[in-house]
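Structure first, commentary second.
The values are calculated or read from the model by the stated rules, or taken from the named source; none is laboratory data. Model, not experiment: these values are computed from the prediction. Here the Cβ positions follow ideal geometry from the backbone for every residue, glycine too, while neighbour counts run over all protein chains shown.
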Amino acid sequence: MTIDRRNVLILLAGLALGGCKIVANQDLLQARAKSEDAFDAAAYVNKIWDSKALPEFKNKAVDLDTLLPAIAEDPDKAGKMYGQRAGEGNPWTYEIKGEGKVVAVDVASRHGIVTIETATKSGPLKINLQVGPVVFGTALRDALPFIHFGDFVNQIQYAQVSRALNDRAVKEVRAAFDPKDSLGKTITFYAAAVLSGSGGDITATPVLIETSKGQKT
């Protein structure tokens, strides 16, 4: 019997596939979804919030009068000394603290903002504190030195942690601070922010806001 080359190739392909299991794309998607669902980002954040995240900010947050001149002089040096970044080429993110008077409140939008004006050595500065419930950006996650992309299975889990951190921050801030009743009051804050030294208003994600003594929230 004569077997031409085409038949040989078909035979070899059949033998190779004989030991393989062909999995439908839908099955792969379901398996991937199951793997992602197995990770509980909220539980992860709840576990580290009081024990690591809040103490980190309270102990390591830098006053703007120290930080801003350092960034203006040498952004990379300041970043290495005071900041964190998720990877090479990403912006420096900082844990900051300060005090200021609330000059504007916008909670009509789900992206609630409390704007404070604080005095610095270079003059007054406005800081927009994201009080949610919607918070933009990954500054809070990226500012924490003990959270690394390599600790998670994939980019999806890493993003879930960022959202869970933002949600927990909003919950904590709103539990102790009422934005609607804050206009004109002086507050202290601890927050995460991306700072470039280019000037202008700062947008920050607070983890703690306290009304100065003698004032009621």
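Identify all residues within region 60-108 that are of a type in the set (Ser, Thr, Tyr) and without any contact (Cβ under 8 Å) to a residue 60 or more places away in the chain; write none if there are none.
Taking region 60-108 and keeping what is of a type in the set (Ser, Thr, Tyr), we get 66, 82, 93-94.
Across region 60-108, the qualifying residues are 66, 82.
Tell me, which residue of region 168-194 that is touching a residue at least 12 places away in the same chain (Cβ under 8 Å) and of a type in the set (D, E, K, R) is surrounded by the most Cβ atoms within 10 Å (Cβ to Cβ)?
This residue is 168.
Tally up the residues in region 99-118 that are assigned to a strand (DSSP E or B) and at pLDDT below 95, please.
1
Pick out the one residue from 194, 114, 135 that is touching a Pro at 6+ places or on another chain (Cβ under 9 Å) and over 21 Å from residue 81 (Cβ atoms). If you could, list the steps in order and put the result at the bottom.
On the way: 194 fails: over 21 Å from residue 81 (Cβ atoms); 135 fails: touching a Pro at 6+ places or on another chain (Cβ under 9 Å).
Exactly one of 194, 114, 135 is touching a Pro at 6+ places or on another chain (Cβ under 9 Å) and over 21 Å from residue 81 (Cβ atoms), namely 114.
How many residues are of a type in the set (A, V, I, L, M, F, W, C) and in a strand (DSSP E or B) when one looks only at region 74-98? Working first, answer last.
Let us first name the residues in region 74-98 that are of a type in the set (A, V, I, L, M, F, W, C), namely 78, 81, 86, 92, 96.
If we keep only those that are in a strand (DSSP E or B) as well, we get 96.
Final tally of qualifying residues: 1.
In the set 191, 169, which member is small (Gly, Ala, Ser), in a helix (DSSP H, G or I) and at pLDDT 95 or above?
Values: 191 fails: in a helix (DSSP H, G or I).
Result: 169 is the single residue among 191, 169 that is small (Gly, Ala, Ser), in a helix (DSSP H, G or I) and at pLDDT 95 or above.
Going through region 119-166 one residue at a time, which ones are surrounded by 15 or more Cβ atoms within 10 Å (Cβ to Cβ) and part of a loop (DSSP other than H, G, I, E, B)?
The answer is 135, 137, 138, 144, 147, 152.
Of the residues in region 31-69, how many are modelled with pLDDT under 95 and among the small types (Gly, Ala, Ser)?
Number satisfying all stated conditions: 4.
Being among the aliphatic types (A, V, I, L, M) and not in a helix (DSSP H, G or I) is the filter; apply it to region 54-73 and report the residue that is surrounded by the fewest Cβ atoms within 10 Å (Cβ to Cβ).
Filtering region 54-73 for residues among the aliphatic types (A, V, I, L, M) gives 54, 61-62, 64, 67-68, 70-72.
Those still in the list that are not in a helix (DSSP H, G or I) too: 61-62.
On the way: 61: 22, 62: 19.
The extreme case among them is 62.
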